[in-house]
Amino acid sequence: TLRAHGDLILDGRVNFPEPHGDRWSVDTLVTVRDGVLEGIKNVETITGLAGTARLTESSLTIEELSGTAAGSHWTLTGTIQPLAHPTVEVLLTSTVQLESIVKLTPSLATSWQPSGPADLRAVCRGPLQPTVTLDCLLHAQLRGATLAGEKLKHPLEQMNGQLAYDPWMRRLTIAQLS
């Protein structure tokens, strides 16, 4: 169960049809300020939600929504199609501290301890019903990161490079890593 609170401004129009008339229509700019969203699995709370979206009868287009989660500021854009076959397609960008992000995946955190900054970009799309099944691809640009873990005799330090991770395929691609 999600819980949200904050300032929400709706600026637009809603047309209700006459009985037996056409479908209703809506075209509204939605602005969020000082929002908080609670109850997201693993993330728990997102604070400082702010941004705009365009709501129509066929979709919600997130022009830009930003907030703070897992110790990092992030920005989200994308589209949610809420009708007959609800789907989502979003782009999430952030500069993260790796130690905060790894806490979101407890199974990974038991084996590996990454730390340091990374520029993160995640693209996710897929159906929201009957179950949420998102196909995601995550890209990270490491900037002076460190990786420690029980399988490493000594930590890898000052790591720079590009990583891509496909959670669905459980595939990590490493490019230009030094």
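The values are calculated or read from the model by the stated rules, or taken from the named source; none is laboratory data. Being a predicted model, the structure only gives us computed values, none of them experimental. A quick note on method: Cβ atoms are made from the backbone with ideal geometry, for glycine too, and the neighbour counts reach across all protein chains shown. Surface accessibility is based on the protein's heavy atoms, side chains included, excluding ligands, DNA and RNA. Shrake-Rupley method; radii C 1.70, N 1.55, O 1.52, S 1.80 Å.
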> Under a 5 Å amide H to amide H cut-off, with H placed in plane at 1.01 Å, what residues pair with residue 57 once short-range neighbours are removed?
Replying inline: 26
> Between exposed chymotrypsin sites (Phe, Trp or Tyr not before Pro) in the chain, where DSSP calls loop and at most 14 other Cβ atoms lie within 10 Å, what's the longest gap?
Replying inline: 25-167
> Which option, [x] 77, 37, 25; [y] 63, 39, 33; [z] 73, 33, 29, is the value of Cα extents along the principal axes in Å that was calculated from these coordinates?
Replying inline: [z]
> In the chain, which longest range has no GluC sites (Glu not before Pro) that are both DSSP loop (not H, G, I, E or B) and surrounded by at most 16 other Cβ atoms within 10 Å?
Replying inline: 58-149
>> Run lengths n ≥ 4 of DSSP H only: what is the helix-derived mean residue ellipticity at 222 nm for the chain, with -39500 (n - 2.57) per run over all residues, to the nearest 500?
In response: -1000 deg cm²/dmol
> Counting Lys and Arg as +1 and Asp and Glu as -1, what is the net charge of the other residues whose Cβ lies under 12 Å from the Cβ of residue 57?
Replying inline: +1
>> Take the chain, mark every one of the trypsin sites (Lys or Arg not before Pro) that falls in a DSSP loop and has at most 10 other Cβ within 10 Å, then report the longest stretch left between them, sites excluded.
In response: 42-150
>> Keeping every protein chain present and rolling a 1.4 Å probe, give me the accessible area per residue for the range 19-178 in Å².
In response: 63
